[in-house]
1. Only one of (1) farther than 27 Å from residue 126 by Cα; (2) open to solvent by 30 Å² or more (accessible area, probe 1.4 Å); (3) without any contact (Cβ under 8 Å) to a residue 40 or more places away in the chain fails for residue 185. Which number is that?
2. Could you figure out which of (1) touching a residue at least 60 places away in the same chain (Cβ under 8 Å); (2) loosely packed, with under 11 Cβ neighbours inside 10 Å; (3) among the hydroxyl-bearing types (Ser, Thr, Tyr) isn't true of residue 141?
3. Of the residues 138, 231, 213, only one is assigned to a helix (DSSP H, G or I) and within 25 Å of residue 279 (Cβ to Cβ); which?
4. Go through the residues of the stretch 166-189 one by one and say whether even a single one is in contact with an Asp or Glu (Cβ under 9 Å, 6 or more places away or on another chain), at pLDDT 90 or above, of a type outside the set (Asp, Glu) and closer than 30 Å to residue 269 by Cα.
5. Kindly indicate the residue of the stretch 90-137 that is in contact with a helix residue (DSSP H, G or I) (Cβ under 9 Å, 6 or more places away or on another chain) and among the charged types (D, E, K, R) and also surrounded by the most Cβ atoms within 10 Å (Cβ to Cβ) among those meeting that condition.
6. Those residues that are open to solvent by less than 60 Å² (accessible area, probe 1.4 Å) and in a helix (DSSP H, G or I), I need them from the stretch 188-202; list them, please.
7. Give me the residue from the stretch 203-229 that is open to solvent by 30 Å² or more (accessible area, probe 1.4 Å) and among the polar types (S, T, N, Q) and, out of that set, nearest to the chain's Cα centre (by Cα).
8. Can we say residue 151 is within 21 Å of residue 224 (Cα to Cα), more than 26 Å from the chain's Cα centre (by Cα), of a type in the set (Lys, Arg) and not in a helix (DSSP H, G or I)?
Amino acid sequence: MTTETPRRATAPRRATGRDTEPRLRRTLYLLGGGGAALVFLMPLAFALARSLQSNAVIVERPTLDTFFDWSAGNFTTLLDQGQLARPILNSLLVSLATAALTALLATLAGYGFARFSFRGRGGLFSVLVLTMMVPFQAILTPLYLQMNTMRLTDSLLGLVLFYSTVNLPFGVFVMRNAFAAVPGELEDSAHVDGAGTLRMLTSVLRPLVTPGAATVALYAFLVSWTEFLGALTFLTDQDLYTLPVTLANLQQGTYGQVDFGLLAAGAVIAMVPCVVLYVALQRFYVAGLATGAVKG
């Protein structure tokens, strides 16, 4: 008959420095990320709260009793009066067309700069990058004269072409770096299999440069959606006004009286597509910017 020897109770293992280091790093990461998210979300939350308040509550001294007096009256007023329906449609048409056209042209130009060798390629690309440092406000007058000569003023098509031209330098820069990051051996293998240039772009390289193209499209959309001065300069027909121009007119008010509740509701409506698109394309946007930053 065998007797089992009692097992000795083992003391719990103490956490070493190697165990606490990842936990501390994770805690600091959560605290930093939560603090940064709070900093960015607080203005959005405050704007949303203001849009649900009446103008009388906004202009008076804030108190806890009146601050939470929320209603959707400002949004219903804007939609019932039809003040923002057409400007929102105009802005959507202009922004989506600008994003698509800029992404297409930037992809083609970026592929040419990255893969084709021609005389003056480096100098031409340097000039293109230098144009990013020139604000379009500095050349707004000659641009207006040129577009007026081409009969593109008071036209949403002219506004799309203007925004695409302004956004192209950044788009070409990102897409050139995105194509440069793709190994050349992949294209050589596709050429051996009989793929042409168009097939190469659409089937072989497209999945690899999607983050860059999404970055260009999102950047062009956000710029054209929020741009004010160009739309105010090139458009005089009120039926063609974009959302920023309409909000500026709404801010001026009637006889100097501004309804801040309606203005806050219009600002919230304007920022909804930007937030939704950025959240939806965030991973592509970050990947595309990282590619453009580290690849030369």
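The values are calculated or read from the model by the stated rules, or taken from the named source; none is laboratory data. This is a predicted model, so every value here is computed, not measured. No Cβ is skipped: glycine too gets one built from the backbone with ideal geometry, and neighbour counts run over all protein chains shown. Heads up: the accessible areas ignore ligands, DNA and RNA and are worked out on the full protein's heavy atoms, side chains in. Shrake-Rupley method; radii C 1.70, N 1.55, O 1.52, S 1.80 Å.
1. With respect to (1) farther than 27 Å from residue 126 by Cα; (2) open to solvent by 30 Å² or more (accessible area, probe 1.4 Å); (3) without any contact (Cβ under 8 Å) to a residue 40 or more places away in the chain, residue 185 is out only on (1).
2. With (1) touching a residue at least 60 places away in the same chain (Cβ under 8 Å); (2) loosely packed, with under 11 Cβ neighbours inside 10 Å; (3) among the hydroxyl-bearing types (Ser, Thr, Tyr) applied to residue 141, the lone miss is (1).
3. Details: 138 fails: within 25 Å of residue 279 (Cβ to Cβ); 231 fails: within 25 Å of residue 279 (Cβ to Cβ).
None of the other options fit; the residue is 213.
4. First, the residues of the stretch 166-189 that are in contact with an Asp or Glu (Cβ under 9 Å, 6 or more places away or on another chain): 166.
Keeping just the survivors that are at pLDDT 90 or above gives 166.
Adding the requirement that they be of a type outside the set (Asp, Glu) leaves 166.
Filter once more, keeping what is closer than 30 Å to residue 269 by Cα: 166.
Yes, the stretch 166-189 contains a residue that is in contact with an Asp or Glu (Cβ under 9 Å, 6 or more places away or on another chain), at pLDDT 90 or above, of a type outside the set (Asp, Glu) and closer than 30 Å to residue 269 by Cα.
5. 115
6. Keep residues of the stretch 188-202 that are open to solvent by less than 60 Å² (accessible area, probe 1.4 Å), which gives 190, 195-196, 200-201.
Listed by number, the residues that qualify are 190, 200, 201.
7. Within the stretch 203-229, the match that is nearest to the chain's Cα centre (by Cα) is 226.
8. Values: within 21 Å of residue 224 (Cα to Cα): yes; more than 26 Å from the chain's Cα centre (by Cα): yes; of a type in the set (Lys, Arg): yes; not in a helix (DSSP H, G or I): yes.
The answer is yes for residue 151.
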